[in-house]
Amino acid sequence: MQTPPYPAGGKCSSGSRCPPYGCPTESCYGARTVTVTATSTVTVHSRPTSSSVCASPSETVTLRRIWNPVWQDHFYTTDSREAAYSGSHSEITEEASPGSIFLTQVAGTVPLWRCYWSTDGKYDHFYTADKTEFQSAQLRGCTEYPDRASVGYLYPTGRCGTIALYRLFNHQQKDHLYTSDLAERNDLLGSGTYEDEGVTGYILPHTTI
C-alpha cells in the first residue's frame, strides 16, 4: 500500500491528520413598463436582484485537474499549494483545467463540496454542489477535508456565460472525473469506461477571464 503524500508535520491547523494532497461587476438596471392608468404608462428602473447579477470573471480562480495513475484518481483544487505538493510526486500529471470557479462566495453561487474515499491504497476524490448528497457521501465513509470542506463556489444553474461541469464515474477504477469538455465526456461514455452522473454545476470558461 502506498503512503499518501502528507506535507511536513502531517497535521492540519485543526490538529487532525492531513488528507491526501495537503490541507487545504458590473451591475445593470433593467427597465420594465408598469401601467399606471388605462391611458398612461410610466417606465420604472428597478435594481436587479442578487440572482440577476453576474460577478466579474476576474474574481474566479482556475480549477486545476490532477491525475494520479498509482491511485487511479482525479483530484481537483484551486489551491496552488495543494497543486504544487501533488506535482512534486513523479507519477502525478496535471491535465487540462475544466474552467474557473469562485474562491469566495458571490451572489447566486453555492459551495463545491469535496471529500475522498480511501480503499486498498487507492483514493477517489468526490465533488458535489448538493449539500444533501455531500452529507450522504460522508455517511458512506467519504472523508471530509478538515480545514477546507469546499474547493470553491460555482453556479447551480447555467447563467452568466457559464458552462456545464459534467460528472462521470469509473466503477472499475473507483474514480470520479469532472470535465467541461463535451467531446471528452462523450468519448469516455462511448468507450464504456465511465458512466454519466449528470451535471455538478456551472463554471466559467477560461475564455471569459
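Numbers below:
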{"read-out": "Residues with amide H under 5 Å from that of Gly201, placed H, sequence gap 5 or more", "value": "Leu165"}
{"read-out": "Under-5 Å amide H pairs with Lys174, H placed in peptide plane, nonlocal only", "value": "none"}
{"read-out": "Potential lengthening between Thr104 and Ala183 on full extension [0.36 nm per residue; Cα-Cα distance subtracted]", "value": "25.4 nm"}
{"read-out": "Net charge over other residues, Cβ less than 12 angstrom from the Cβ of Phe126 (K, R count +1; D, E count -1)", "value": "-3"}
{"read-out": "Residues His125, His176, His171 arranged by fewest to most Cβ contacts within 10 Å", "value": "His171, His176, His125"}
{"read-out": "Pair Lys131, Thr119: separation of 7 Å Cα→Cβ label points (nm)", "value": "2.8"}
{"read-out": "Segment 121-209: C-alpha gyration tensor shape, a/c 1.5 cut-off, then a/b vs b/c", "value": "oblate"}
{"read-out": "Segment 75-162: GluC sites (Glu not before Pro) falling in loop per DSSP and having at most 16 other Cβ within 10 Å", "value": "Glu91"}
{"read-out": "Unit Cα scatterers, Debye sum, segment 59-208: log10 I(q)/I(0) for q = 0.09, 0.10, 0.11, 0.15 Å⁻¹", "value": "-0.26, -0.32, -0.39, -0.76"}
{"read-out": "Relative contact order for segment 59-208, counting Cα pairs under 8 Å that sit 6 or more residues apart, in percent", "value": "25"}
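Every number here is computed from the coordinates shown, using simple stated rules; none is lab data. In this text the structure is predicted, and so the values were computed from the model without any measurement. Methodologically, a virtual Cβ is constructed for each residue, glycine included, from the backbone with ideal geometry; neighbour enumeration extends over all protein chains shown.
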